[in-house]
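Working notes, beginning with the structure itself.
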Amino acid sequence: MEICNTDYTILIVDDVEANVLLLNILLSKAGYKTLCAHNGKEALEIIEKQMPDLVLLDIMMPVMDGHEVAAKLREMPNTFELPIIFLSALNSPDDIVKGFKYGAADYVSKPFNKDELLIRVRHQLILISAKRTIETQKEELHKTIEARDKLYSVIAHDLRSPIGSIRMVMNALSLNVPKEHLDEDMYELMMMGNRLAEESFVLLDNLLKWTKSQTGRLNTVFQDHVDVLSLIKGEIELSEVVAELKKITIILEGRTSAKARIDQDMIKTVLRNLMSNAIKFSKQGSEVRVIITENIANVEISVIDKGEGISKENQEKLFNAATHFTSFGTENEEGSGLGLLLCKEFVARNGGNIWFKSELKKGSTFSFDIPIQR
């Protein structure tokens, strides 16, 4: 890694004037800027006013020795990481170990070899340069991520309301305009518009929730004694509108009288996404089953389809933000890959678990549970 020596300032701290003069000449010829101090107290005053990039620090000095200076620097937040090279005639193993205990980045024994000293100085400055580059890139990346998340949130929030209105209009038209009142092409266009409006609304809803989750702005708001069966039935009724477009029947099996302490919106989102996926990957005229099972501690909900299924290779990518897996439905319905990630997080936030089993061309079963409130 290349660095420009003139960009760096080195503080020389030594009580012997000849040593200060020699080091000043040596470093200046190498292109470095230099500052000089003749004791520890003077060194700290200079550091406070003109922060150097590196300190060459003698140990045996009056007023305040090198170890005391190093200890002071390590106590202050703005100098905690300031690199120190001890330059001393104290070169026993104990002295060297003591120097590193006080925070030395390196240790050079007197009398020193000028080439060795310059190499050690350059090595420390290269590390400083690399660290600064990393910090700059980290800050830039953080700003980019913040800007991206803000953009996602604004887009999702501002579009959610008009898309929601379009969704309601298309649902009403699809349910109330008899097929025989339209020619075949117009009816197909209306059905396609309804499906696209539904997909867009789900995408924006997921995007908004995911962005809030990633930026720490999504709170879990628990409600006590939520009727689990009523909640499930309500989401099935909403999903039936989309299922009807593919002539898919949603069948509810099992019953429960259980109450749960949950964030209703989160669990509704889980159910909505699981049923949406089941419909998306099922063929025309098939069935999607929602099975409720209750045990002593939990209510388990399973959404089962007999659709395309998921290959073993792709199963490993599910619930993983790093792989961001998504695919097209049986009628080329698009997805964002966010739905299952939200399901995993939301179920966990409500004290439950989520899992699945799937076989290619035979269908999938996605299940999750939530604790029963006594």
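Any read-out appearing in this document is the output of simple, stated calculations on the displayed coordinates, not a laboratory observation. Please read all numbers here as calculations on a predicted model, not as lab measurements. Neighbour counts run over all protein chains shown; Cβ positions are idealised from the backbone, glycine included.
Counting every other Cβ atom within 10 Å of each residue's Cβ, D305, D205, D183 order from fewest to most as D183, D205, D305. Among M64, M186, the order by Cβ neighbours within 10 angstrom, fewest to most, reads M186, M64. Each residue of the range 303-319 was assigned a 3J(HN,Hα) from its phi angle through the Karplus expression (A = 6.51, B = -1.76, C = 1.60, θ = phi - 60°), giving 10, 10, 10, 10, x, 6, x, 10, 5, 4, 4, 7, 4, 5, 8, 5, 6 Hz with x at Gly and Pro. Reported value for the range 220-374: 101 Å³ per residue, from the convex hull of its C-alpha atoms. Protection proxy ranking, highest mean first, for peptides 209-221, 291-303: 291-303, 209-221, where packing is the per-residue count of other beta-carbon atoms within 10 Å, averaged. Shape index of the range 142-218: Rg/Rh, with Rg the Cα radius of gyration and Rh the Kirkwood radius from the inverse mean 1/r over Cα pairs, equals 1.19. Applying Stokes-Einstein at 4 °C and 1.567 mPa s to the Kirkwood radius of the range 12-109, computed over alpha-carbon pairs, gives a translational diffusion coefficient of 97 µm² s⁻¹.
Contact order, relative form, for the chain: 10 percent (alpha carbon pairs under 8 Å, 6 or more residues apart, mean separation divided by residue count).
Farthest toward the positive end of the dipole of the chain, out of L54, G309, N295, is the Cα of N295, where the dipole comes from beta carbon charges about the Cα centre.
Of P178, P162, P77, the residue with the greatest mean-square motion in the GNM of the chain, using alpha carbon springs below 10 Å, is P77. Panel note: the C-alpha atoms of the chain, placed on their principal axes, show extents of 103, 50, 36 Å (largest first). Translational diffusion of the range 184-223, estimated by Stokes-Einstein from the Kirkwood radius over alpha carbon pairs at 25 °C in a medium of 0.890 mPa s, is 200 µm² per second. Placing R0 at 41 angstrom, the Cβ-Cβ distance between Q137 and K33 gives a FRET efficiency of 0.95 after rounding to 0.05.
Taking the fewest neighbouring Cβ atoms within 10 Å as the starting point, the ordered list for S28, S230 is S230, S28. Taking θ as phi - 60° and the Karplus parameters 6.51, -1.76 and 1.60, the scalar couplings of the range 173-186 work out to 5, 5, 7, 10, 8, x, 4, 5, 7, 10, 6, 4, 5, 5 Hz in sequence order, x denoting glycine and proline. Taking V97, V169, V288 as the candidate residues, the one with maximal mean-square fluctuation in a Gaussian network model of the chain, Cα springs under 10 Å, is V97. Please find, in a Gaussian network model of the chain (springs between Cα atoms separated by less than 10 Å), the residue of V226, V121, V154 whose mean-square fluctuation is greatest. Highest fluctuation of the listed residues: V121. Separation of the range 204-232 from the range 29-96 is 55 Å, based on Cα centroids.
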